[in-house]
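Asks: Have a look at this one before I ask anything.
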Amino acid sequence: MNTSSLANTFSGRLITDVADMAPFVTDWRKRWFGSAIAVAQPDTAEDVAIVVRWCAAHGVPIVPQGGNTGMSGAATPDAAGSALVLSLARMNRVRGIDALNNTMTVEAGCILQALQDAAREAGRLFPLSLGAEGSCTIGGNLSTNAGGVAVLRFGNARELCLGLEVVTAQGEIWNGLRGLRKDNTGYDLRDLFIGAEGTLGVITAATVKLFPLPAAKITAWAAVATVHDALNLLQVAQAKLGARLTAFELLTQPCIDILTEQMPHLRWPLAATQTQAVLIELSDAESEASGRASLEALLEAAFESGLVTDAAIATNITQSREFWSLREFMTEAQQRAGKNIKHDISVPISRIADFVEQTNAEITEKFPGVRMIVFGHLGDGNLHYNVSPPKGAVGENFGVIEAAVNHVAHNAVNAFGGSVSAEHGLGVLRRSEAARFKSPVELAMMRSIKQAFDPKCIMNPGKSLGDFA
Ligand code: FAD
Ligand code: 2HG
Ligand code: ZN
């Protein structure tokens with residue numbers, strides 16, 4: 001495909017050199033490797049519309065890309081080399097903040113951390129928070145409907161978004177940047193683009209919700225003997241802390257072991273032998289002192305009733321960051337330990353401890369020696385139900401058991417009334433596994449939506465379920 005007509009319009013912003021395209025055609029895990037005819041780097045929604053119209057006219061598939069931190073291979077073009085990668089990275093301006101309306105209108109390529117900072121400068125909180133926040137973009141967050149560590153209190157990306165600007169698959173610009181909390185004027189188009197993984201159109205800007213800055217944030221680390229105890233602690237914490245409970249994250253024992261093996265420099269909250277734990281965060285609207293007193297009372301009562309075996313409350317922001325870094329380094333620690341199999345599951349919170357107990361037993365019986373690296377957002381009923389090779393083995397051939405392990409894990413998820421993708425999306429990684437559990441009527445409705453929005457199937461083909469055969 002000759003891209004010279006596009007190159008004229010996008011002088012200096014159209015990459016066609018194979019070496020220069022390399023970072024855009026593979027994912028950060030180095031799991032998927034593709035190629036592309038070009039990488040376009042637009043500056044405006046009008047630029048995006050020009051690229052999309054060119055692609056539509058020439059039948060060129062488009063792969064939108066933000067920070068390329070996704071977990072499911074959704075931002076990587078396939079190996080055919082016929083697609084164009086559309087990088088939104090240069091569209092990174094905050095268009096405006098309406099402090100009274102508690103909203104911020106931002107371009108799709110804004111880095112999440114930059115948006116948190118911009119909100120803070122305006123005396124507001126943008127609560128979306130995840131380990132990749134220094135590199136992922138709001139366009140990617142919305143397109144994957146990202147979750148992260150504050151969903152318990154503030155909801156996922158969808159719940160934080162009021163309006164979108166989108167370039168359609170026909171290359172038209174839809175301005176739906178409404179800052180309204182209530183708007184019942186027909187089908188909710190915004191919610192179709194959120195979580196669509198770039199298969200329906202290109203998000204170019206968004207209006208997102210802001211919140212008051214919390215007066216204080218208090219972080220605690222609580223050792224728990226079992227996942228059942230962690231779940232019971234969640235119930236007590238919700239009853240005692242109410243809406244102030246902001247995060248409730250679990251790290252099971254094999255996660256603690258892998259962190260100590262791979263990252264010996266890490267500082268641990270409790271002096272004794274490291275055991276599995278939950279990380280609790282409370283953000284208090286009134287004062288540091290009242291928040292701390294509430295958390296202390298909760299942990300003392302939990303200790304007395306045997307739910308918690310030991311606990312520590314961070315005394316300052318540095319210590320709080322140290323607690324959080326243990327949680328945030330999990331992905332990297334598991335990556336360093338060798339090959340791994342990821343699952344991003346959710347089940348009803350009430351059933352999650354039983355799910356872990358029963359499914360761990362089934363997997364370790366069928367695949368002796370594997371390590372169950374189970375961690376994540378217990379408060380949302382969403383765990384990263386990951387699997388690693390035995391200690392000391394890098395698992396060169398671990399891939400051969402992946403499909404069989406997925407089958408067992410996802411069948412169990414389904415039996416527990418859960419979902420095979422809680423927050424990472426389907427991409428190419430979980431497309432067929434997700435389809436196994438969708439009814440023909442659900443798949444048909446998804447295909448109809450895709451057909452209506454993108455009849456030429458140029459928007460990120462082969463990802464998610466809209467074009468699943
Ligand atoms: P990309 O990876 O570039 O793209 C992801 C998908 O969105 C692709 O389908 C792409 O085509 C599409 N897309 C991107 N931009 C646009 C756009 N403007 N318009 C249309 N489609 C677009 N995820 C969580 O949910 N919770 C977590 O806690 C979490 N923690 C993570 C921790 C680490 C260390 C890492 C590496 C990743 C983590 N992730 C997490 C996964 C990832 O960061 C999120 O999925 C993030 O939302 C992806 O954003 P991105 O800009 O990198 O998107
Ligand atoms: C997290 O919650 C991310 O840390 C990544 O969603 C999970 O590494 C993973 O599997
Ligand atoms: Zn997560």
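Asks: Only one of (1) on the phi > 0 side of the Ramachandran plot; (2) within 6 Å of ligand 1 (Cβ to nearest atom); (3) not basic (Lys, Arg) is not met by residue 123, so which one is it?
Replies: Evaluating residue 123 over (1) on the phi > 0 side of the Ramachandran plot; (2) within 6 Å of ligand 1 (Cβ to nearest atom); (3) not basic (Lys, Arg) leaves (2) as the failure.
Asks: Sticking with this one: Name the single residue that is surrounded by the fewest Cβ atoms within 10 Å (Cβ to Cβ) among those in the stretch 181-198 being touching a strand residue (DSSP E or B) at 6+ places or on another chain (Cβ under 9 Å) and free of Cβ contacts under 8 Å to residues at least 60 places away in the same chain.
Replies: Filtering the stretch 181-198 for residues that are touching a strand residue (DSSP E or B) at 6+ places or on another chain (Cβ under 9 Å) and free of Cβ contacts under 8 Å to residues at least 60 places away in the same chain, the one surrounded by the fewest Cβ atoms within 10 Å (Cβ to Cβ) comes out as 181.
Asks: Looking at (1) among the hydroxyl-bearing types (Ser, Thr, Tyr); (2) in a loop (DSSP other than H, G, I, E, B); (3) surrounded by 15 or more Cβ atoms within 10 Å (Cβ to Cβ), which is the one condition that is false for residue 11?
Replies: (3)
Asks: Identify, please: which residue in the stretch 360-396 is more than 16 Å from ligand 2 (Cβ to nearest atom) and over 20 Å from residue 258 (Cα atoms) and is, among those, surrounded by the fewest Cβ atoms within 10 Å (Cβ to Cβ)?
Replies: Only one residue fits best here, namely 365.
Asks: Taking the condition crowded, with 18+ Cβ neighbours inside 10 Å, away from ligand 3 (no atom under 16 Å from the Cβ) and of a type outside the set (Gly, Ala, Ser), does residue 348 pass?
Replies: Details: crowded, with 18+ Cβ neighbours inside 10 Å: no; away from ligand 3 (no atom under 16 Å from the Cβ): yes; of a type outside the set (Gly, Ala, Ser): yes.
Taking the combined requirement at face value, the residue does not satisfy it.
Asks: I'd like to check which helices (runs of 4 or more DSSP H) are fully inside the stretch 302-403 and have at least 1 residues that are within 16 Å of ligand 1 (Cβ to nearest atom) and small (Gly, Ala, Ser).
Replies: 317-328, 330-336
Asks: Go through 43, 27, 20, 78 for me and flag whichever is out of contact with any helix residue (DSSP H, G or I) (no Cβ under 9 Å at 6 or more places or on another chain) and surrounded by fewer than 15 Cβ atoms within 10 Å (Cβ to Cβ).
Replies: The match here is 20.
Asks: What are the residues in the stretch 410-454 that are aliphatic (A, V, I, L, M), more than 16 Å from ligand 3 (Cβ to nearest atom), touching a residue at least 40 places away in the same chain (Cβ under 8 Å) and in a helix (DSSP H, G or I), if any?
Replies: 412, 449
Asks: Return a yes/no flag: does the stretch 142-155 have any residue that is touching a His at 6+ places or on another chain (Cβ under 7 Å) and of a type outside the set (Val, Ile, Thr).
Replies: Checked the stretch 142-155: at least one residue is touching a His at 6+ places or on another chain (Cβ under 7 Å) and of a type outside the set (Val, Ile, Thr).
Asks: If you don't mind, another one. Considering each of 92, 141 in turn, give the residue that is within 16 Å of ligand 3 (Cβ to nearest atom), of a type outside the set (Gly, Ala, Ser) and out of contact with any Phe, Trp or Tyr (no Cβ under 9 Å at 6 or more places or on another chain).
Replies: Values: 92 fails: within 16 Å of ligand 3 (Cβ to nearest atom).
So the residue among 92, 141 that is within 16 Å of ligand 3 (Cβ to nearest atom), of a type outside the set (Gly, Ala, Ser) and out of contact with any Phe, Trp or Tyr (no Cβ under 9 Å at 6 or more places or on another chain) is 141.
Asks: Which one of the conditions (1) within 16 Å of ligand 2 (Cβ to nearest atom); (2) β-branched (Val, Ile, Thr); (3) under 23 Å from residue 76 (Cβ atoms) does residue 400 fail to meet, given that it meets all the rest?
Replies: Among (1) within 16 Å of ligand 2 (Cβ to nearest atom); (2) β-branched (Val, Ile, Thr); (3) under 23 Å from residue 76 (Cβ atoms), residue 400 violates only (1).
Asks: Just to check your reading of the model, which residue among 328, 296 is modelled with pLDDT of 95 or more, within 16 Å of ligand 2 (Cβ to nearest atom) and of a type outside the set (A, V, I, L, M, F, W, C)?
Replies: Testing whether each residue is modelled with pLDDT of 95 or more, within 16 Å of ligand 2 (Cβ to nearest atom) and of a type outside the set (A, V, I, L, M, F, W, C) leaves just 328.
Asks: Answer with yes or no whether residue 43 is within 14 Å of residue 88 (Cβ to Cβ), assigned to a loop (DSSP other than H, G, I, E, B) and of a type in the set (Asp, Glu).
Replies: yes
Asks: Here's something else I'd like to know. In the stretch 408-435, how many are within 12 Å of ligand 1 (Cβ to nearest atom) and under 18 Å from residue 352 (Cβ atoms)?
Replies: Selection size over the stretch 408-435: 4.
Asks: Output the residues belonging to the stretch 75-94 that are part of a strand (DSSP E or B) and farther than 22 Å from residue 200 by Cα.
Replies: If we filter the stretch 75-94 for residues that are part of a strand (DSSP E or B), which is where we start, we get 84-87, 94.
Listed by number, the list holds a single entry, 94.
Asks: Sticking with this one: Of all residues in the stretch 432-449, which are within 29 Å of residue 173 (Cβ to Cβ) and touching a Phe, Trp or Tyr at 6+ places or on another chain (Cβ under 9 Å)?
Replies: 446, 447
Asks: Separate question: For residue 130, only one of the following conditions fails: (1) within 16 Å of ligand 3 (Cβ to nearest atom); (2) among the hydrophobic types (A, V, I, L, M, F, W, C); (3) under 21 Å from residue 62 (Cα atoms). What is its number?
Replies: (3)
The values are calculated or read from the model by the stated rules, or taken from the named source; none is laboratory data. Just so it is clear, the structure is predicted and the values come from calculations on it, not from any experiment. Note that we place each Cβ from the backbone using ideal geometry, even for glycine, and neighbour counts take in every protein chain shown.
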